[in-house]
Amino acid sequence: MRPGEGADLVLRGATVLDPVAGIEGVHDVIVRGGRIAELAPPGGELDELEEIDAEGLHAFPAFFDPHVHLRTPGHEHKEDLETGSRSAAAGGYCGILAMANTDPTVSTPADIEALREAAREGACVPVGFLATVTRGMEGEELTEMGAIRDAGALGFSDDGLPIRSARILRRALQYQQLCGGTIALHEEDPELSGDGVMHEGPVSAALGLAGIPSISESTMIARDAAVAGYENARIHVQHLSAAESVEAVRAAKAAGVRISCEASPHHLCVTDEEVRSLDPRRFKMNPPLRSEADRQALIEGLRDGTIDCIATDHAPHAAEEKEVPFEQAAMGVTGLETAFAALHTNLVLPGVIDLGLLIERMAGGAAPFDLGRPTLAPGNEANVALCDLGAEWTVGEEGYESRSQNSWCADSKLTGRVLMTLAAGRVAYRLRSFSLGVAA
Amino acid sequence: MRHLLAIEDLDREAIEAILDRAESFAEVGRRDIKKVPTLRGRTVVSLFYESSTRTSASFELAAKRLSADLISLKAAGSSVDKGESLKDTCATLSAYDPAAIVIRHPYAGAAQLVADWSEAAVVNAGDGKHEHPSQALLDLFTLRRRLDSLEGVRIWIVGDVLHSRVARSNLVAFQAMGAEVTVCGPPALIPRGIEQLGCEVSHSLERLGEADVVYALRLQRERMAESFVPSVREYAAHFQIDSRRLGPRQLLMHPGPVNRGVELSGEVIDSPQSLMTEQVASGLVVRMAILYELLASGPQRPVTEAGDPEQSPTPIGQPA
C-alpha cells in the first residue's frame with residue numbers, strides 16, 4: 001500500500017469486540033504510530049491525538065478478504081488496484097487477496113513483482129497476490145511456482161476455472177512441498193456445468209434457463225480433497241455454494257485433510273429465487289445462487305467451523321456486460337463495500353448467527369494463506385473497522401468506491417455501516433459524512 | 001395490459017379477454033375484406049433474432065390486417081449482425097416511435113429488457129427457452145373452440161420439455177384455465193424441479209390413455225448428438241405419438257414445425273384428431289387480438305391526427 005505515516009488517534013468510548021483475542025467492552029482505543037497502544041478506560045486525558053467520538057459505535061478487528069478480482073492488468077475499465085482497494089477499505093477490510101485471472105494472467109515472477117510494486121504505489125490497503133497454478137490458466141503446464149513464491153506470491157489459484165486434470169492438480173500439490181503456498185481451488189466440473197447459467201432446480205425449470213447442478217461443485221471438491229489428502233498438501237476451497245459441498249469439506253476435515261474453505265455473502269444471504277427477476281447485474285455469478293436448503297447448509301457450515309471464512313469474490317463488471325439478457329451477461333457481482341452490512345442485516349439482526357461469529361469469520365481468510373489475523377490486542381498494528389450497527393443506508397445511493405456497479409445488493413436497504421477503516425496502521429477510509437461529524 | 005411478456009403475468013380473466021377478442025376477429029376473417037382500420041397510423045416493429053415462419057408471418061399479417069404500418073427486421077442482414085447491442089437497437093427503433101415491438105430472441109428475458117428500454121408495448125414472440133405466450137394463447141383458443149372449457153381436462157405435454165419455451169408457457173396457461181397437466185419425456189429432457197409448477201411428471205407413455213389432449217413437442221435432431229437420448233429410433237420407440245398410442249377420443253396438438261417420424265408418426269398428423277391446421281389458423285386471429293388488446297383497448301396516448309383522443313377506437317368490422 002501507499003507509503004505514509006502511522007495513525008495517531010483515539011476512538012473515544014468505542015464498543016470493542018475481538019472475539020478471537022477475547023476482548024469485549026467499552027474502551028478508548030488508543031492508536032499511536034499506527035499501532036494499538038492501549039485499550040484504556042473511557043474518558044482519560046490524552047495529548048496530541050486526533051479524537052474520534054466513537055460512543056455507540058463498534059470497533060472490530062478489520063476484515064480480510066482472500067478472494068477479490070481487481071481486474072489488473074487488462075480490464076482496468078472494470079476495476080484497478082486503486083478503486084478496488086478503496087472499495088475494500090470502505091467495506092472495513094485491512095487486506096485483500098487478488099486473483100490471477102487477469103489479461104494476461106498472473107503467471108510469472110515478473111507479473112507478481114510488477115503488481116506488488118503497483119500496489120505499493122496505488123492501493124490504500126495491503127493487497128496480496130496469487131499467481132495461476134497453470135500457465136495462462138490453460139490447465140496444462142505448471143507455472144514456475146518456486147520463483148513465483150520467491151517474488152512474493154501468497155499462493156496459487158486458477159480461479160475462474162477449475163483445474164480439470166487431477167494429474168495436474170496432483171503435480172502442483174507435490175510441488176507445493178518445495179515452495180509452499182496454499183492452492184485455492186474454484187471447484188466445478190465443466191462437464192456437469194455445461195452451458196448452465198444458474199442453479200439447477202425448480203427456478204431454472206420455470207425460467208427455461210440451463211442449470212448448473214450442485215454436484216458440479218461437490219464432486220470436484222471430493223476429488224480434490226482426496227488428492228490433497230493423498231499428498232498431504234494444503235488446499236483452500238473457494239466460494240462454496242451447495243449443501244453437498246459443505247458435506248464434502250466437512251468429511252475431508254474429519255478425515256484429516258489440510259483443507260480450508262470460504263463462502264460468499266451473496267450465497268449466505270439470498271437464493272436462486274432472486275433469479276426470477278432475470279437481473280444479471282445483481283444475480284448472475286458463478287457458482288450460482290442456490291436453493292434455500294443450500295443457504296441453510298452454508299450457514300450451518302459457518303457456525304460449526306466447516307467454513308473458515310467469508311470471501312466476497314468481488315467481481316466487477318462494466319455496465320454493458322450486464323445490460324444484456326441474463327444468459328449473455330458476464331458472471332460475477334461486487335461485494336467488498338457491502339459484505340459486513342449485508343451479513344449483519346441478513347444473518348446477525350434476525351438472530352441467525354452471533355455478531356462475534358461474523359466478526360471472527362470476516363477475518364478468517366488470513367490464516368489459510370499464512371497471514372496474521374487482524375486483532376485489536378495492544379501492541380499490534382492497527383487494523384480496525386469502526387462501524388455503526390444502527391446506521392441504515394441504501395446501497396449505491398451515494399455511488400460506489402468500486403469502478404463497477406454490479407453489486408448484488410444494489411438498491412437494498414442495509415443496517416450497519418463501516419464509518420472508518422484503519423489498515424496496516426493508517427486511516428484507509430472515512431465515510432464522508434462521518435468525517436464531517438454528522439454521522440452517529 | 002401494457003405488454004405481453006409471459007403467460008405468468010396473466011390471470012384467467014385477462015386470458016379470456018384475449019380469447020374473446022380473437023373470436024370477434026375470427027368473424028372478420030370470414031368476410032371478403034379482412035382488414036380493419038383499428039391501428040391506422042400506428043407502427044408495429046417485428047424484430048426477429050431467431051428464424052421463425054409461422055410466428056413472424058402471423059404477427060406481421062395480424063398487424064397488416066389491423067392497418068398498422070409494419071417494420072420487419074430480421075437479425076441476419078441488420079445492424080444486429082454487425083454487433084449492435086439489444087439496448088442500442090432499442091434506442092434506434094425508438095426513433096420510429098413504434099406503438100408495439102414484437103420480439104423473438106434466443107435468450108430469456110430479452111422481451112422484458114426491451115419493455116424496460118422502450119416506450120412501446122412489447123410482445124414476447126419467444127425468448128430463449130423461457131416463454132412463448134402468444135403460442136399458449138392460440139393453443140388455448142384452439143382448444144376452447146373444441147372443448148368449450150378446459151376445467152378438469154387432462155393434457156399431456158410430451159417430448160423435449162427441457163428445451164421448449166412452448167412447454168413452459170402452455171403448462172402455465174393450461175393450468176390457469178383449470179386443466180390438469182402431465183409432462184412426459186425421457187428424464188434428461190424433463191427439467192429437474194418442474195413438478196413444482198404443479199404438473200405431474202411421467203417418463204413413460206403407458207398412462208397416455210388418461211389424456212384428453214396430447215400436446216407433442218418438437219425433438220431437434222441435435223439432441224441426439226448431445227446424448228439427451230441415444231438415437232431417434234430409441235426416442236420414437238418410447239415417446240413417438242402414433243396411431244397405436246393415440247386413442248380415437250384424444251385430441252392431438254403440436255406447435256410446429258413437426259419432425260415427421262420422430263415425435264409424431266405420419267398418420268396421426270393427418271388424422272381427424274389433429275388440431276394442427278386449426279392451431280395455425282388460430283395464430284392469426286389470436287395475434288390480432290393481442291395487438292388489439294395492447295394498443296386499442298386500454299387508455300391510449302393522444303393521437304393528434306385523429307382529433308379527439310377520448311374517442312373510443314373504431315369498432316371492429318368497419319372496412320378500412
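Just so it is clear, none of the values below were taken in a lab; they were calculated from the coordinates. Remember, it's a predicted structure, so these values are computed and weren't measured experimentally. Counting neighbours? That spans all protein chains shown, and the Cβs are built from the backbone with ideal geometry, glycine included.
A few remarks follow.
- Projected onto its three principal axes, the C-alpha set of chain B covers 63, 45, 35 Å, listed from the longest axis down.
- Spatial offset of segment A:332-348 relative to segment B:147-187 amounts to 41 Å, using the alpha carbon center of each.
- Residue A:293 paired with residue B:221, simple spin-label distance in nm, labels 7 Å along Cα-to-beta-carbon: 4.0
- Evaluated with a Cβ-only charge set (Lys, Arg +1; Asp, Glu -1), the protein assembly as shown carries a dipole of roughly 2460 debye about its Cα centre, given to the nearest 20.
- Values of log10 I(q)/I(0) for segment A:238-303 across q = 0.21, 0.26 Å⁻¹ run -0.80, -1.09, by the Debye formula with one identical scatterer at each alpha carbon and no solvent.
- When only Cα pairs below 8 angstrom with a gap of at least 6 residues are kept, chain B shows a relative contact order of 22 percent.
- Segment B:134-278 gives an Rg/Rh value of 0.93, both radii derived from C-alpha positions and Rh following Kirkwood.
- Built amide H within the under 5 Å cut-off of residue A:391, gap 5+: A:416, A:417
- Hydrodynamic radius of segment B:236-303 per Kirkwood, over alpha carbon pairs, in Å: 14.3
- Other-chain or far-sequence residues with amide H under 5 Å of residue B:180's (modelled H): B:152, B:153, B:154, B:155
- Per-residue mean of foreign Cβ neighbours for A:196-204 is 3 (Cβ atoms of other chains, 10 Å radius).
- Distance from the C-alpha centroid of segment A:255-316 to that of segment B:16-43: 52 Å, rounded to the whole angstrom.
- Per residue, chain A reaches -8000 deg cm²/dmol at 222 nm when only DSSP H runs of four or more residues are counted, each adding -39500 (n - 2.57).
- Chain A: DSSP helices with Cα axial extent of at least 15 Å and average Kyte-Doolittle hydropathy no lower than -0.5: A:166-179, A:215-231, A:243-254
- Per-residue shielding of B:103-112, expressed as the average number of other chain Cβ atoms within 10 Å of the residue Cβ, stands at 5.
- Cα shape, the protein assembly as shown, gyration tensor, a/c 1.5 rule: prolate
- Within chain B, helix-based [θ] at 222 nm, where runs of 4 or more DSSP H residues each add -39,500 (n - 2.57), nearest 500: -10500 deg cm²/dmol
- Estimated dipole of segment A:330-440 in Debye, rounded to 20 [Cβ of Lys and Arg +1, of Asp and Glu -1, Cα centre]: 160
- Once the Cα gyration tensor of segment A:267-338 is diagonalised, semi-axes √(5λ) in Å: 25, 14, 8
- Neighbour-limited loop hits for trypsin sites (Lys or Arg not before Pro), segment B:1-56 (at most 16 other Cβ within 10 Å; DSSP other than H, G, I, E, B): B:2, B:30, B:31, B:34, B:35, B:40
- Prolate/oblate/rounded label for segment A:66-369 (Cα gyration tensor, a/c 1.5): rounded
- Dimensions of segment A:217-350 based on its C-alpha atoms, expressed as ranges along the principal axes with the largest first, amount to 46, 34, 24 Å.
- If you plug the beta carbon distance of residue A:377 and residue A:223 into 1/(1 + (r/R0)^6) with R0 = 45 Å, you get a FRET efficiency near 0.65.
- One Cα centroid belongs to segment A:373-438, the other to segment B:217-295; the line between them spans 59 Å.
- 5 angstrom amide H check on residue B:73, placed H, neighbours 5+ away: B:46, B:47, B:48
- Shielding of peptide B:191-204 by partners, expressed as the average count of other chain Cβ atoms within 10 Å per residue Cβ, is 3.
- For residue A:284, the lysines whose Cα falls under 21 Å of its own Cα, not counting residues fewer than eight places away in the same chain, are A:78, A:322, A:413, B:87, B:129.
- Sorting the segments A:200-206, A:307-313, A:375-381, A:285-291 by their residues' average number of neighbouring beta-carbon atoms within 10 angstrom, most packed first, yields A:307-313, A:285-291, A:200-206, A:375-381.
- Burial order of peptide ranges A:347-358, A:332-343 (average beta-carbon count within 10 Å, highest first): A:332-343, A:347-358
- About its Cα centre, the dipole of chain A is roughly 600 debye, where the only charges are +1 on Lys and Arg Cβ and -1 on Asp and Glu Cβ.
- Principal axis dimensions, largest first and in whole angstrom, of segment B:22-79 by Cα: 38, 24, 17
- Computed from the C-beta positions of residue B:116 and residue A:144 and an R0 of 35 Å, the FRET efficiency is 0.10 to the nearest 0.05.
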